[in-house]
Amino acid sequence: MKYEKQIRQNDPFETWRVTHPWTVDLYENALTSIAGGVGHDLRRGEPLPTYIQRASGSRKWDVDDHEFIDYGMGNAALLLGHAPAEVLRAINRALESGFHYGNDHPLQVEWAELIQALVPAAERIRFVNSGSEASMLALRVARAFTKKTKSLRFEGHFSGWHDGVGKGAMLPFQDTVSAGIPQGTLDTIVIIPADLNVLEETLKRDSDIAVVMLEPSGASWGTVPLTVEFNRELRRITQEYGVVLVFDEVITGFRYAPGGYQEFSGVTPDLALLGKIVAGGMPGGALVGRADIMQVFDYTGDPQHDRYGRVHHLGTFNANPLSAAAGIATLKRVATGLPHAQADRMAALLRQGMDDILYQENVAGYVYGDVSIFHVFLEAHPGSGATHRSKLVTTDAAKLKGIPATVVSAFQRALRTRGVDLLSYTGGVVSAAHTETDIRRTLEIFHEAIRTIVQERIVARLGAG
Ligand SMILES: Cc1ncc(COP(=O)(O)O)c(C=O)c1O
């Protein structure tokens, strides 16, 4: 009883117990059962994680029955929205035939053929269970193919959480992102600014770089945008220096166009990582690429080659039938281009509406993004040139990825408490299930949220000292 009283006296969730009783309860229990309290570093939330109990279309509902217009969309895995009927039907059909064989099966081959038909680089496909696994495998394949060691990535780019990409994603970009990554591994990772002159100088100097891997739309799904021209030049340079070019299409894949960023830009990489949409919102991913590079998986019958010359790759759940079924159903819709037309149109309305509101409120910031993606740049301390009306005034990774944590969490919270959930940071993705009604309501909420964070002095108005 004494313990109970102590907790109540210093109750950090006091005000939340009324509005979010089950959420508080779950979180208090999770703190004693789940390491770190949540299942993903970005799910922490302020001051509480969100516990979702159902989702449909553009909406999801938490355990305390609050409704959200969702721009997280299953970490951007759900281009068609939550629980689309044809994907549900496909999963149910697959379930009835047994849901895990540990063998290859017909759906896997059909899934691979669909990817092959859509994605320019996908001459061969190898299935994995996540984007991070695809990234891990890409580095191994590139090293096996080139017989070189190092990987080069650009400042701010994220390609999963494994050791091989253990620096570069997070400020300061040259520092490890995590405790526990061996220095020997970090020494194989070269991080440079997204500057093609610096790239050429680096490749000239260091002949041990096997691979350049990047998010082709720019760091953190385009938070720090890159141009098509940049990617075109990058293709030329990597070819000239014999370096494997890997597009991380875990977010851009099937979103920028049915064939991903590669189709959108006309630039075909050597390898590409697929995740999220590829498996229709079920766990899954794939490494795809040029047939001659993907030969590293082939057995030749030569014992020396088969033991030492090929890439070893296993995985209990690779291409499991439920992911294959969901992936096939989703990619069949993707192939029509219709989901993109709807999602991109709604996103354009949202970006324009948000930008108008920042302009109206005279807040230092702007809204930008391609296709079905939006990013909101908010400047905590105006004075360094931010303006609005979607005019990007900087491509500085440190600045665009360096919005202070206090601003990010106040902005997310102001939206979430009113019923809008973002993907991460200050942006989100729109799905084909979002409607004009969703966009109108989101803009009302966004307007209230902006006024609130101005009142709270989290962001300032332009020219306001
Ligand atoms: C660009 C990019 N690459 C890789 C990953 C890692 O994918 P996963 O979370 O499936 O491991 C993500 C995840 O958000 C991502 O956004």
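The values are calculated or read from the model by the stated rules, or taken from the named source; none is laboratory data. If you're wondering where the values come from, they're calculated on a predicted model, not measured in any experiment. All Cβ positions, glycine included, derive from the backbone under ideal geometry; neighbour counts span all protein chains shown.
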TODO: Spot the failing condition for Pro258; the list is (1) more than 15 Å from the ligand (Cβ to nearest atom); (2) assigned to a helix (DSSP H, G or I), and only one is missed.
DONE: (2)
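Just the residues that are touching a helix residue (DSSP H, G or I) at 6+ places or on another chain (Cβ under 9 Å), among the polar types (S, T, N, Q) and modelled with pLDDT of 65 or more, please, taken from segment 388-410.
Step one: of segment 388-410, the residues touching a helix residue (DSSP H, G or I) at 6+ places or on another chain (Cβ under 9 Å) are 388-390, 392, 394, 397, 400-401, 403, 407, 410.
Narrowing the set further to residues that are among the polar types (S, T, N, Q) leaves 390, 394.
Selection gives Thr394 alone.
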Open item on the list: I need a count of the residues in segment 146-155 that are buried (at least 22 other Cβ atoms within 10 Å of the Cβ) and in a helix (DSSP H, G or I).
Closed with: 0
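Considering Arg140, Arg126, Arg93, which residue is of a type in the set (Lys, Arg), within 16 Å of the ligand (Cβ to nearest atom) and touching a helix residue (DSSP H, G or I) at 6+ places or on another chain (Cβ under 8 Å)?
That would be Arg126, the only listed residue that is of a type in the set (Lys, Arg), within 16 Å of the ligand (Cβ to nearest atom) and touching a helix residue (DSSP H, G or I) at 6+ places or on another chain (Cβ under 8 Å).
With the structure loaded, tell me whether Arg143 is surrounded by fewer than 22 Cβ atoms within 10 Å (Cβ to Cβ), among the charged types (D, E, K, R) and in the same structural domain as Pro321 (by TED's automatic domain parsing) or whether it fails that test. Full working, then the answer.
Numbers: surrounded by fewer than 22 Cβ atoms within 10 Å (Cβ to Cβ): yes; among the charged types (D, E, K, R): yes; in the same structural domain as Pro321 (by TED's automatic domain parsing): yes.
Yes, satisfied.
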Task: Residue among Ala324, Ala286 that alone is crowded, with 24+ Cβ neighbours inside 10 Å and closer than 26 Å to Arg153 by Cβ - done: Ala286
TODO: Looking for whichever is more than 30 Å from Tyr308 (Cβ to Cβ) and within 16 Å of the ligand (Cβ to nearest atom) here; the options are Ser178, Ser151, Ser159. Which one fits?
DONE: Ser178
- [ ] Please identify the pairs in which a residue from segment 406-434 that is within 13 Å of Ile445 (Cβ to Cβ) has its Cβ atom under 6 Å from the Cβ atom of a residue that is assigned to a loop (DSSP other than H, G, I, E, B) and not basic (Lys, Arg), counting only partners at least 6 apart or on another chain.
- [x] Phe411/Thr426; Gln412/Leu422; Arg413/Glu46; Asp421/Gly72; Leu422/Tyr71; Gly428/Tyr71; Gly428/Leu422
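Being small (Gly, Ala, Ser), farther than 29 Å from Ser130 by Cα and crowded, with 21+ Cβ neighbours inside 10 Å narrows it down to one residue among Ala319, Ala380, Ala347, Ala364; which is it?
On the way: Ala319 fails: farther than 29 Å from Ser130 by Cα; Ala380 fails: crowded, with 21+ Cβ neighbours inside 10 Å; Ala347 fails: farther than 29 Å from Ser130 by Cα.
Answer to the check: Ala364.
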Open item on the list: Can you tell me how many residues within segment 96-113 are surrounded by fewer than 20 Cβ atoms within 10 Å (Cβ to Cβ), in a helix (DSSP H, G or I) and touching a helix residue (DSSP H, G or I) at 6+ places or on another chain (Cβ under 7 Å)?
Closed with: 1
TODO: Report the residue count in segment 298-314 for those that are under 27 Å from the mean Cα position of the chain (by Cα) and surrounded by 14 or more Cβ atoms within 10 Å (Cβ to Cβ).
DONE: 2
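From the list Val228, Val296, which one is among the β-branched types (Val, Ile, Thr), closer than 24 Å to Ser431 by Cα and more than 15 Å from the ligand (Cβ to nearest atom)?
Working: Val296 fails: closer than 24 Å to Ser431 by Cα.
Testing whether each residue is among the β-branched types (Val, Ile, Thr), closer than 24 Å to Ser431 by Cα and more than 15 Å from the ligand (Cβ to nearest atom) leaves just Val228.
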Open item on the list: Condition first: surrounded by 19 or more Cβ atoms within 10 Å (Cβ to Cβ) and in a helix (DSSP H, G or I). Now tell me which residues in segment 115-140 satisfy that.
Closed with: Ile115, Leu118, Gly131, Ser132, Glu133, Ala134, Ser135, Met136, Leu137, Ala138, Leu139
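Could you list, in sequence order, all residues of segment 186-200 that are over 17 Å from Phe247 (Cβ atoms), more than 16 Å from the ligand (Cβ to nearest atom) and touching a strand residue (DSSP E or B) at 6+ places or on another chain (Cβ under 9 Å)?
Initial filter on segment 186-200 (over 17 Å from Phe247 (Cβ atoms)): 186-193, 195, 197-198, 200.
Those left that are additionally more than 16 Å from the ligand (Cβ to nearest atom): 186-188, 190, 192-193, 195, 197-198, 200.
Selection gives Leu186, Asp187, Thr188, Val190, Ile192, Pro193, Asp195, Val198.
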